[in-house]
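Here's the structure we're looking at; comments come further down.
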Amino acid sequence: METKIFQSDQINQAAALLRQGELVAFPTETVYGLGANALLPESVKQVFTVKGRPSDNPLIVHVADFSMTAEFVESYHPLTEKIVKHFWPGPLTLIFKIKEGSLNPVVTGGLSTAAFRMPDNKKTLSLIEKTDAPLVGPSANTSGRPSPTTALHVYHDLKGKIAGILDDGATQIGVESTVLDLSGEVPTILRPGAVTQEALEEILGIEVPLDKHLVKESETPKAPGMKYKHYSPDTPVLMINSDDWEKALIWAEANDKKVGLLVTPKIADKYSSADRFVFADETVEAATRGLFSGLRALDEAKKVDIIFAEVFPEDHLGLAYMNRLKKAAAQNYFSEM
Ligand code: AMP
Ligand code: MG
């Protein structure tokens, strides 16, 4: 199969393919999604096959506006209107109880709830409208690999396996959406993202807890998808605490390991090694935007034995950055060996 790259004047063609049941990857402000018409179970099944994604991992249903969710949702949480007004379109996925039979189990993983999001990307909103159906859209990468933040990343993983990619350059945020469970009484964060716990608490005026698996990684997660290995390049990744750079690099030298650095400009200037991916500036926003892209770049160069990555405090956006980095690093920090 030829994988076509569509530009913004070709959204009609991309939508026509989705209506016919083909898969088309789409841009969002977070990462690229692997789109299929959510109302065509055979197409949704293809998403799992193409990604190599475990079939009990539920998908997010992408809508062009809030009213598109009404057909599926059984009951909304009382805070829904406030949340949607404030955060949609945006990097916030909401989980609601759904009407029985309104979505195929292949979408929901057989759960009585489903996840919905209105992405903040004009081309993709237009794509959904023109398809005239909601689109499922897990990240458009091979399962387990870092999520794609450019059309080229998608092409690298899925060329020949999907009908097309709608190109909109690099994504702005760089990690997947926050997942907020609104199916119970207390709104609970299942996955941290760019809509932070602090921002939700400020707008809602209540405490918004993190799901217990996020607090204690060994707990069984509520959502099936959370248990899988994620975001990993082939090259091993080690997280480096700010005081440990010197020691870590000495250790690597002594053990004849060629290191790739994934760091902010300050650290990069201090340890000028040949292979490195440097974030655009010192902020956690820049690091989050560059995280997956950097992991892929260092991995694909095939020149390093190990990736040393910079850590950030685990609050605000830093919680999302560290959540993804910890998975990529299989929880491993450098410690003197
Ligand atoms: P992604 O892996 O980026 O496609 O995001 C899908 C993630 O959303 C899953 O891995 C789950 O963590 C979460 N999710 C989707 N649907 C549900 C649901 N009904 N209940 C809980 N979490 C869900
Ligand atoms: Mg994913």
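The values are calculated or read from the model by the stated rules, or taken from the named source; none is laboratory data. None of these values were measured; they are calculated from a predicted model. Cβ atoms come from the backbone with ideal geometry, glycine included; neighbour counts cover every protein chain shown. The protein model used for the area step is the full one, side chains on, heavy atoms only, and it has no ligands, DNA or RNA in it. Shrake-Rupley method; radii C 1.70, N 1.55, O 1.52, S 1.80 Å.
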| message | I'd like the full set of residues that are under 22 Å from Thr150 (Cα atoms) and not hydroxyl-bearing (Ser, Thr, Tyr), limited to region 47-65. | response | Val47, Phe48, Val50, Lys51, Gly52, Arg53, Leu59, Ile60, Val61, His62, Val63, Ala64
| Residues being more than 14 Å from ligand 2 (Cβ to nearest atom), in contact (Cβ under 8 Å) with a residue 60 or more places away in the chain and of a type in the set (S, T, N, Q) - total across region 32-68 | 1
| remark: When every residue in region 143-166 that is within 26 Å of Val284 (Cα to Cα) and open to solvent by 40 Å² or more (accessible area, probe 1.4 Å) is compared, the one nearest to ligand 1 (Cβ to nearest atom) is Ser143
| task | Note down all Cβ pairs under 6 Å where the first residue falls in region 168-182 and is closer than 21 Å to His86 by Cβ and open to solvent by 20 Å² or more (accessible area, probe 1.4 Å), the second is hydroxyl-bearing (Ser, Thr, Tyr) and within 13 Å of ligand 1 (Cβ to nearest atom), and they're at least six residues apart or on different chains. | result | Ile173/Thr30
| task | Quick one: count up the residues across region 96-142 that are within 21 Å of the chain's Cα centre (by Cα), within 12 Å of Val63 (Cα to Cα) and among the β-branched types (Val, Ile, Thr). | result | 3
| query | Are any residues in region 154-179 over 10 Å from the mean Cα position of the chain (by Cα), within 12 Å of ligand 2 (Cβ to nearest atom) and not aliphatic (A, V, I, L, M), and if so, which ones? | reply | Asp157
| query | So Tyr155 fits all but one of (1) out of contact with any helix residue (DSSP H, G or I) (no Cβ under 9 Å at 6 or more places or on another chain); (2) aromatic (Phe, Trp, Tyr); (3) outside any helix (DSSP H, G or I); what number is the exception? | reply | (3)
| Inside region 280-327, can you point out the residues that are touching a strand residue (DSSP E or B) at 6+ places or on another chain (Cβ under 7 Å) and of a type in the set (Phe, Trp, Tyr)? | Phe308
| query | Is it true that Asp244 is outside any loop (DSSP other than H, G, I, E, B), open to solvent by less than 40 Å² (accessible area, probe 1.4 Å), modelled with pLDDT under 95 and away from ligand 1 (no atom under 16 Å from the Cβ)? | reply | no
